[in-house]
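The values are calculated or read from the model by the stated rules, or taken from the named source; none is laboratory data. Keep in mind that what you see is a predicted model, and the values were worked out from it rather than measured. Cβ sites come from the backbone with ideal geometry, for glycine too, and all protein chains shown count toward neighbours. The accessibility values were calculated without ligands, DNA or RNA, using every heavy atom of the protein model including side chains. Shrake-Rupley method; radii C 1.70, N 1.55, O 1.52, S 1.80 Å.
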Amino acid sequence: MDIDVKMRELARNLQWTWQPEVIRLFRAIDPALFRSVKHNPVELLARFSKEDLEKRATDLALEPRINFAFHRLREYLDNEHTWGAFHGGPLHSRPVAYFSAEFGLHESLPIFSGGLGVLAGDHLKAASDLGVPLVGVGLFYAQGYFNQEINPEGWQSEHYFESDVELLPMDHALGPDGEPIFVKVKTRESEIKLGIWSAQVGRNRLILLDSDVEGNSDADRALTTTLYGGDQRVRIRQEHILGVGGLRALCALEICPGVIHMNEGHSAFAVLELARKLMERDAKTFSEVEETAASMTVFTTHTPVEAGHDRFSAELVESTIGPLREQIGLSEKELLGLGRVNPDNNNELFCMTVLGMKMARSINGVSAIHGRVSRAMWQSLWPETEVHQIPIGHITNGVHVHSWLAVPMAQLYDRYLREKWKTRVCYPETWERIFDIEDTEFWEVHQILKVRLVDFVERAIKVQHERWAKSGAKINNITRLDPAALTVGFARRAATYKRLGLLLDDIERFDRLVNHPEHPVQFVFSGKAHPADEPGKKLIQRVCRVTQDPRFQGKIFFVEDYGYNVSRHLVQGVDVWLNTPRRPLEACGTSGEKVLLNGGLNLSILDGWWAEAFDGTNGFAIGEGGEHANLDKQDAYDREATYNAFENEVIPLFYDRDEQGLPRGWIHRVKRAISSLGWKFNADRMVQDYTRNCYLPACGGFICSFPRGALERRLSKSGH
């Protein structure tokens, strides 16, 4: 097989996104070009003819590395000895259909906005590594979310782009005749034709629906253009396409799911389409198949914030899914009742989360606290049930280790952790040997990552300043982070409850903290606000203005266009990850989980995952987990607790050095964090929990679906 063919096959399976040796291979072809195309190997290779690519591979002596990477991919895809092979049971004939409005797999496929999408991407990757049969279902947004630019006044502006589908790692889904497959969904106003894109994510697939096809009206063609864009009419139609169109796409591809997993309420219409199909198959009424459909459905809620749950007017619901309602034989009142807490309240808006919860028998939050909050929030759906008995559990989110672990740190783990540790990340014993790593070696690796962060921030600020200079703005000299100073990262969606500027409310104390003559602290901020979120934009502007204050120049930085690449550099290079949500509004938060794997420590409010993780020796806590009814008082209390933690715990421990200049106590705490938390807060453990507790019961129980001969062959090959 030609080198050209092998390279293009590697580029079109997104497994490369968590294979550092393959990423280095693509980068080696042309490092500058690889960076300019946002690390997209499909676009990189498109810039070369077959002859030029093969000549370049020969000149750079890349052929052995290409062959090795290609064979590794084939071995990965053909491996039958996975966790899922022996624990997946009926999922092998009836896979999980994982519906999500966004999927964050890599910056080169920009169809996500933040944490929800990255979580979905990590879920797909871990399912692939484990061999759990799962197909992702989402939408293809040609303009993605948006690129963020910060002007000299610190104000966010949004810039949309148009993806070139020919340069993305996905293909048209084709039928037996070799022609593209289309499905349709019908509203009161039109019938929307949908194209289907298919991307390979390791062993599994991601299916993306696209309304920008010939035959649709201009308005319908634009429905899947932008993530979380448009008005309520656009939003509900996107969710119609995702849920109903997504399930129809699976059927058109002859994929028969045994489980419908709805990642948030955006896809809740899928269960109505599932009911319709069961009615059609079994010649039954909706009431007769409702329980069957619900038993096949897993619903994960992600937000404890009321505004985060989609709600629509009765008129919008009817105009969008009225035709489907008629097909399943429900009156308008009956359908609306499925999305209302009180079905008889005609003034209540239709809530997608309510529909998802009413039509699922497995419901979970994404951390222990979030499960508790969700039970209290939705108790009205079960008015006769005590709050502690509300059927909403929790499965705490985890991160895909191999996507977020920096290469130098992974190489260190390769030398010290157990054999095949990469396939055993959710076993506690895997991480026990972290204490065998010499402190000097461990600290050197962390410093390498920190210098990389310093360089990245400098490049980002330089680009920003060059753009400002073109507009005639006065630009201060570019300064660098100090690799020796305590470096704190704070990056996430700029929602007000996440309190981006909590410390800035006492600017004099902040000045003393940052500019301490012996123990300085520096901050790197990043984050996007939704285009319609004016308070969030004002928070960003406030931080950006502080970066221009002469007292803080060179000490405080705001990196614009927060996304996968920015996040990767920050979580791999900071000393401390600061998280200050207003408890209990952080559903989980997974950035800190990425930080701990890379040798950083968390300083966080005891909310989300950190409330389950902190044990007093593996990071730092802000406060004691209190929740004050008066928000101003809670903010004041948490601000004081944050400063106290910095001044009395974090800074003294970081700057306490021995005669070799090593912070031995700090390093021990980092190792303690990795050993006590690495095995638990990862996506492998998360997907295993979903498989055991949700998927297998939904798909029909713990009955192995392999034919006897096939199972015996698998066991024989594995030595069991």
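With r defined as the distance between the Cβ atoms of ALA473 and ARG551 and R0 fixed at 25 Å, what FRET efficiency is calculated, to the nearest 0.05?
Efficiency at R0 = 25 Å is approximately 0.75.
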Quick numbers on the chain, Rg and Dmax over C-alpha atoms in Å, give 25.6, 80
Kindly write out, for the range 9-22 in residue order, the coupling ³J(HN,Hα) from the Karplus curve 6.51 cos²θ - 1.76 cosθ + 1.60 (θ = phi - 60°), rounded to whole Hz, with x marking Gly and Pro. 5, 4, 5, 9, 10, 5, 4, 4, 5, 10, 10, x, 5, 6
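Counting other Cβ atoms within 10 Å, which chymotrypsin sites (Phe, Trp or Tyr not before Pro) in the range 245-351 have at most 13 and lie in a DSSP loop?
Details: sites: PHE269, PHE286, PHE299, PHE312, PHE350; in loops: PHE269.
For chymotrypsin sites (Phe, Trp or Tyr not before Pro) across the range 245-351 that sit outside H, G, I, E and B with at most 13 neighbouring Cβ atoms in 10 Å, the list is empty.
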Just going by the charge dipole of the chain, with Lys and Arg at +1 and Asp and Glu at -1 on Cβ, which of ALA120, LEU62, ILE448 is farthest out on the positive end? LEU62
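Here is the link list: LYS125/LYS555; LYS125/LYS450; LYS193/LYS333; LYS555/LYS671; LYS38/LYS125; LYS450/LYS633. Which ones come out longer than 32 Å on Cα distance? It would help to have the intermediate numbers written out before the result.
On the way: LYS125/LYS555 37 Å; LYS125/LYS450 27 Å; LYS193/LYS333 28 Å; LYS555/LYS671 27 Å; LYS38/LYS125 20 Å; LYS450/LYS633 36 Å.
Table pairs above 32 Å Cα-Cα are LYS125/LYS555; LYS450/LYS633.
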Carbon-plus-sulfur fraction of the accessible area of the chain, 1.4 Å probe, in percent? 49
Which is the longest part of the chain that has none of the GluC sites (Glu not before Pro) sitting in a DSSP loop with at most 12 other Cβ atoms within 10 Å? 255-383
Under 1.5 on a/c is rounded, so check that first for the range 606-694, then, if it is not, pick prolate when a/b is larger than b/c and oblate when it is not; a ≥ b ≥ c are the square roots of the alpha carbon gyration tensor eigenvalues. oblate
Sequence-distant or interchain residues sharing an amide H contact under 5 Å with PHE182, placed H: which? none
Spin-label zone in the range 660-682 - amide nitrogen under 16 Å from a point set 7 Å from the Cα of GLU438 along the C-beta vector: 660-664
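Find the accessible area per residue for the chain; the probe is 1.4 Å, ligands and nucleic acids are left out, and the unit is Å².
On the way: 28360 Å² over 720 residues.
Here the residues of the chain average 39 Å² of exposed surface.
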HN-Hα J couplings of the range 99-105 from phi, Karplus 6.51/-1.76/1.60, θ = phi - 60°, integer Hz, Gly and Pro as x? 8, 8, 5, 8, 9, x, 9
Under the Karplus relation 6.51 cos²θ - 1.76 cosθ + 1.60, θ = phi - 60°, what is the ordered set of whole-Hz ³J(HN,Hα) values for the range 312-326, x standing for Gly and Pro? 9, 6, 4, 5, 5, 4, 5, 5, 8, 10, x, x, 5, 4, 5
Which value at 222 nm does the chain reach when only helices count, each DSSP H run of 4 or more adding -39,500 (n - 2.57), with the total divided by all residues and rounded to the nearest 500 deg cm²/dmol? -12500 deg cm²/dmol
What percent does the relative contact order of the chain come to when contacts are Cα pairs within less than 8 Å and at least six residues apart? 14
Whichever aspartates and glutamates have a C-alpha closer than 16 Å to that of LYS462, once near sequence neighbours (fewer than 8 apart) are set aside: GLU149, GLU560, ASP561
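Hey, what D do you get for the range 414-539 in µm²/s if you plug the Kirkwood alpha-carbon radius into Stokes-Einstein at 4 °C and 1.567 mPa s?
Details: Rh = 18.4 Å.
Approximately 70 µm²/s, per Stokes-Einstein.
According to the square roots a ≥ b ≥ c of the eigenvalues of the Cα gyration tensor, what is the shape class of the range 111-212, taking rounded for a/c under 1.5, prolate for a/b larger than b/c otherwise, and oblate for the remainder? Working shown, then result.
Numbers: a/c = 2.12, a/b = 1.29, b/c = 1.64.
Since a/c reaches 1.5 but b/c is at least a/b, the shape of the range 111-212 is classed as oblate.
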Using amide H atoms built 1.01 Å from N in the peptide plane, name the residues 5+ places from VAL399, or on other chains, whose amide H lies under 5 Å from its own. ASN682, ALA683
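Evaluate the Kirkwood expression for the hydrodynamic radius of the range 506-563, namely the inverse of the mean inverse distance over all pairs of different C-alpha atoms, and round to one decimal in Å.
Numbers: mean 1/r = 0.0811 Å⁻¹.
Radius from the Kirkwood sum: 12.3 Å.
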If amide H atoms are modeled at 1.01 Å from N in the peptide plane, then the residues at a separation of 5 or more from VAL298, or on another chain, having amide H under 5 Å from its own are ILE260, HIS261, MET262
Using the C-alpha atoms of the range 565-665, what convex hull volume per residue, in cubic angstrom, is computed? 103
Computed lengthening from SER217 to LYS420, 0.36 nm per intervening residue step minus Cα-Cα distance: 67.8 nm
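Quick check on the range 15-141: take the gyration tensor over C-alpha atoms, sort the square-rooted eigenvalues as a ≥ b ≥ c, and tell me if it's rounded (a/c under 1.5), prolate or oblate.
Details: a/c = 2.91, a/b = 1.49, b/c = 1.94.
Judged from the Cα gyration tensor, the range 15-141 comes out oblate (a/c at least 1.5, b/c at or above a/b).
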